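Reading through the structure tokens given below for one structure.
Read-outs throughout are calculated quantities, based only on the coordinates presented, and are distinct from any laboratory measurement. All figures in this text were calculated on a predicted structure; none of them were measured in a lab. Positions of Cβ are generated from backbone atoms using ideal geometry, with glycine treated the same way; all protein chains shown enter the neighbour counts.
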């Protein structure tokens with residue numbers, strides 16, 4: 001709870017705080033009285049926004065104030081004045097209410113400060129309503145403190161305690177949210193680092209694979225270039241051709257004929273050299289067979305048993 005002089009101190013009129021002050025919202029109870037009109041002069045000077053107004057009978061001045069400041073609610077405690085003001089403000093969106101309960105509801109409208117300039121003991125209940133709604137109160141009504149000072153102090157203390165509890169809860173919630181955000185940010189950062197590491201690894205693997213493929217292509221191109229530079233008679237022969245021709249060359253009877261033909265007819269010297277090597281094997285084999293036969297025939301007359309054994313072996317193979 002604050003006095004009007006405390007609420008609108010000279011410091012708050014400094015030019016450097018003008019923007020902050022202009023965002024304040026006020027509710028003025030007793031706006032048509034001396035203190036109420038002075039409060040609205042200050043609001044007009046600093047650009048305060050008026051959330052609600054209340055008056056007793058002066059509906060004409062209340063209408064002027066309502067049209068100038070555009071409050072959400074205007075409360076008239078006199079029923080006749082209420083009826084007249086309601087008609088006069090019918091062309092606006094301003095809510096016009098009447099009665100003591102309505103006055104308390106007007107004081108409880110959320111705002112930065114409630115200026116209570118209501119005359120007499122009637123100001124006690126709206127003061128308590130404003131404090132219970134956690135609104136700051138600028139009190140310009142001594143009867144309120146005289147008749148219900150203890151109630152006002154208790155309500156003020158309760159409001160401050162509730163405000164502190166709400167502030168603490170908000171700070172704890174903000175801290176929890178910040179901690180959660182930090183954990184989420186850390187997890188996102190770790191995930192990003194992991195993804196970056198995996199991307200680098202994949203990039204390195206791709207680079208190695210590309211390098212290997214490039215080397216293989218270079219090797220193939222080099223071999224192909226060498227092949228293209230070779231004369232036709234010296235061109236390399238594929239492994240499969242060597243395999244199949246070698247297989248044909250070892251077919252009994254036909255293989256020897258094919259080996260002789262392949263050793264002289266083909267144009268490719270590499271292929272002819274391969275077949276001639278096989279032909280050399282054939283010749284060496286024939287020579288070894290002749291030597292074996294000569295040896296056999298040489299020892300057969302001297303060793304009839306060996307000759308008989310050799311004859312049986314040859315008979316066993318169907319010769």
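Structure summary
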item	result
Inter-part distance where region 113-144 and region 216-275 are each reduced to a Cα centre, Å	114 Å
Inter-label distance for residue 100 and residue 46, nm, one decimal - labels placed 7 Å from Cα along Cα-to-Cβ	3.3 nm
Footprinting exposure proxy for 59, 82, 282 (fewest neighbouring C-beta atoms within 10 Å first)	282, 82, 59
Computed FRET value (nearest 0.05) for residue 270 with residue 218, which takes r as the C-beta separation and R₀ as 25 Å	0.55
Region 252-291, relative contact order [Cα under 8 Å, separation at least 6], %	34 percent
